[in-house]
Amino acid sequence: MKLGIAKTLAHVSPEEWAQKHRALGLSAVCFPCSHTDDQQTIDRYVQACRVFDLQIAEVGAWKNLLVSDLAERETNFAYCKGRLELAEYIGADCCVNISGAKGEIWDGPYRENYSEKTYEEIILTVQRLIDAVKPRKTFYTLEPMPWMHPFSPEDYLQMIRDIDRDRFAVHMDIVNMINTPEKYLFCREFTDRAFAILGKYIKSCHIKDVVLQPQLTTIIRETALGTGGFDLKHYIDCIDTVSPEMSVVIEHLDGEDDYIRAVEYVKSITGGTERHE
């Protein structure tokens, strides 16, 4: 795997940024530039990645394409189009977003998230976005979420079939699909099922941990790597069976020190940051 972090390390130049990632033993990065940055700046970061042999894991879009206000939705669509164009230009593994939510919180749980109409909106929106950009080097992906499409391996596979675009693929964040005690307690079996169904479509991954708390009714929360009950070693092994060059990004931590500790933990369970078959 190619390990990275969802953190823009403090730096004064693209070269220092890339060197700091390498100094931590990382080999993948989340691209730090905006699609509105000047081309010279973008090119300098791309060149720094080449010099320091860093794989560009993802360009995040992170906008709600299901927001009810149609003017805002079009603004968000234009933003996501710009992010996908950037991912294509720099050759990122993927451009990643979530499908969106039908409420005030852009990633929130709402009944309407599951409606047939919402599903159709997601399909048409992703088709429209991919058709507008026509990527050839990158992929548009949707990060799974506990309470919106795609919320399970089977749901994701159905979306792949319905979207029917060869540049739509899978961003695997398996912890986000751990939304029942059964999936948590049988996480190895769930991981195996997810990779059996989606493995050949996966282009990039997130890695994090989760814990089921022994209070009623059901509380499943994200936690620091190695402090939960998710079998991270088995997850990494499954990733390596898909591709030893897969980018795997640690996310949702606070400061650089937290990320450094997480990197060291991954090293401790894999014997290194990069694993090649």
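The values are calculated or read from the model by the stated rules, or taken from the named source; none is laboratory data. Fair warning: this is a prediction, and the values are worked out from it, not measured in the lab. As a convention, Cβ positions derive from the backbone with ideal geometry for all residues, glycine included, and neighbour counts pool all protein chains shown. When the accessible area is computed, the model is the full protein with side chains, heavy atoms only, and any ligands, DNA or RNA have been set aside. Shrake-Rupley method; radii C 1.70, N 1.55, O 1.52, S 1.80 Å.
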Qualifying residues in the stretch 182-232 (those that are surrounded by fewer than 14 Cβ atoms within 10 Å (Cβ to Cβ) and β-branched (V, I, T)) - the one farthest from Y140 (Cα to Cα): T217
Would you confirm whether or not the stretch 265-273 contains a residue that is of a type outside the set (D, E, K, R), open to solvent by 40 Å² or more (accessible area, probe 1.4 Å) and at positive phi? yes
Test: L70 is over 16 Å from K203 (Cβ atoms) and open to solvent by 40 Å² or more (accessible area, probe 1.4 Å): yes
Residues K134, K102, K117: which one is more than 20 Å from the chain's Cα centre (by Cα) and on the phi > 0 side of the Ramachandran plot? K134
Would it be correct to say that D257 is open to solvent by 10 Å² or more (accessible area, probe 1.4 Å), at pLDDT below 95 and either within 30 Å of D166 (Cβ to Cβ) or charged (D, E, K, R) (or both)? yes
